[in-house]
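**Q** Have a look at the structure that comes next, please.
No value in this document is a laboratory result; all are computed from the given coordinates. Worth saying up front: this structure is predicted, and the values here are computed from it rather than measured. Cβ sites come from the backbone with ideal geometry, for glycine too, and all protein chains shown count toward neighbours.
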Amino acid sequence: MLTIPGRSIRLCDRIPRRDFLSIGSLAIGGLTLPQLLQAEAGRASGPTGSRHKSVIMIYLTGGPPHHDMVDPKPDAPPEIRGEFRPIATSLPGVHFSEHMPRVAAMMDKFSVIRSLVGSEGRHSSYQCVTGRTFRGQPQGGWPEVGSVLSRIAGPVHPSVPPAIDLSMAMQHQPYNLPGPGFLGMAHAPFKPSGEAMDDMVLRGVSTDRLGDRERLLNGLDQFRRRTESRGANAPTDSFTEQALGILTSSRLVEALDLEREDPKVRERYGKDDPDCLPYSKAGYQAHMSKFLAARRLIEAGARCVTVAFADFDWHGGNFTNGRKVIPLLDQGVAALVADLHDRGLDKDVSVVVWGEFGRTPKVNANAGRDHWPQVTFALLAGGGMRTGQVIGETNRLGEEPVSRPLRFPDVIATLYHNLGIDLTATAIPDLNGRPQHLAETHQPIRELV
């Protein structure tokens, strides 16, 4: 096995692992890369094709304030409506916060759900990335969407993992993505965190030396062939070839190298603001470049890319923080969706922007909004969905839905539908061999498909 020098990190599951990639190993549960590929080969068949369907999920950690973003209540009392003014969107009669002008101007390319219910009220990414609740989990836990796609569809390109997590390691552990659950570490999202680009370089290992190792491995395989049957070893040979293909491919590195992007496109996405919040060093940063990296990774062959953006747990200073963070999110999301349309990817790539719950209608004594699991929102685009609409409505104070309440699994079911997955016919076995359907009894949202 070839290894890259580098530091180890300990993630929320307490398993020490490489920050990005060890040559010969993905540092997940001790599997070598050929073993990992062999484990992945047991997946069922799924959607294929060069124009693959995919998902970009933007997780707004901490619970975004729906009043101050996509569901303003200008006629409510001051302690409800807050400090931000409503502005008109491109949809007649629909208003957003004044700090989301870019998305508001292109609402024909978005749909917003204002009536999302069913939050368990936990500060966690779990419901957003799995579509499941904590209650009644099978042994091993529910897998996140990217891991499901890894299991049922596999890689589009052999050198690009199907699921990629661009989120930073966040201090509050439940914000970090839960991982593959009962599907096992072979389907864990690939996480290019920390010194990612540096770790992708074969430090001190030339391609000639890598070739020497390949020849050495071939020599060992010839010895093994003399003692074992050829048929039993043929699959292992193919997995080894795939592993060497990943290790020598530049496809993933190039996708993450934003210097290769048109400077005008990069400018559209805006500049990273690592200090936009007082507690940014805890992992809650506004990295605008992650939106662009997500699009590049999808084009390279990823099926699901997840981005965690900033933090919205503003029990105090809701409007001070909102003036900094919401315009950055507005710019990044608008640039991403416009970019997908410009590149003809709007029918293939679904985008969802949401958090684990909303915020209290009433502003507290610290000019903040507290946790409000009763209702939240989701912003959707692309994926061939019907856009230019608002689904659901909250009451006069934004406390609860008065029409079309929808749940997290409804959104997840819609994403699977956009990916071309038959929810009635597709199931994955859990650790006990029981088939688990992808979205329980939930169906795609009829207004979107």
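**Q** With the Cα gyration tensor of the range 100-156 giving a ≥ b ≥ c as the square roots of its eigenvalues, does the rule (a/c under 1.5 for rounded; else a/b larger than b/c for prolate; else oblate) give rounded, prolate or oblate? Could you put the intermediate results ahead of the total?
**A** On the way: a/c = 3.37, a/b = 1.46, b/c = 2.31.
Judged from the Cα gyration tensor, the range 100-156 comes out oblate (a/c at least 1.5, b/c at or above a/b).
**Q** What ranking do Ile326, Ile428, Ile113 get, fewest neighbouring Cβ atoms within 10 angstrom at the top?
**A** Values: Ile326 23, Ile428 19, Ile113 27.
Lowest to highest Cβ neighbour count: Ile428, Ile326, Ile113.
**Q** Taking the range 68-171, which trypsin sites (Lys or Arg not before Pro) meet the DSSP loop condition and have no more than 10 other C-beta atoms within 10 Å?
**A** Arg135
**Q** For the modelled label position 7 Å from the Cα of Arg135 along Cα-to-Cβ, which residues of the range 415-449 have backbone nitrogen atoms closer than 16 Å?
**A** Of the residues in the range 415-449, 441 have backbone N under 16 Å from the label point off Arg135.
**Q** Please give the direction-averaged projected area of the C-alpha convex hull for the range 356-448, in square nanometres with one decimal.
**A** Numbers: hull surface 33.9 nm².
Computed as one quarter of the Cα hull surface, the answer is 8.5 nm².
**Q** Would you list which lysines come within 16 Å of Lys271, measuring only between C-alpha atoms, while excluding same-chain residues fewer than 8 positions from it?
**A** Leaving aside lysines fewer than 8 places away in the same chain, those within reach of Lys271 are Lys290, Lys324.
**Q** What FRET efficiency comes out for the pair Asn395/Leu431, r = Cβ-Cβ distance, R0 = 41 Å, nearest 0.05?
**A** On the way: r = 43 Å, r/R0 = 1.06.
The computed FRET efficiency comes out at 0.40.
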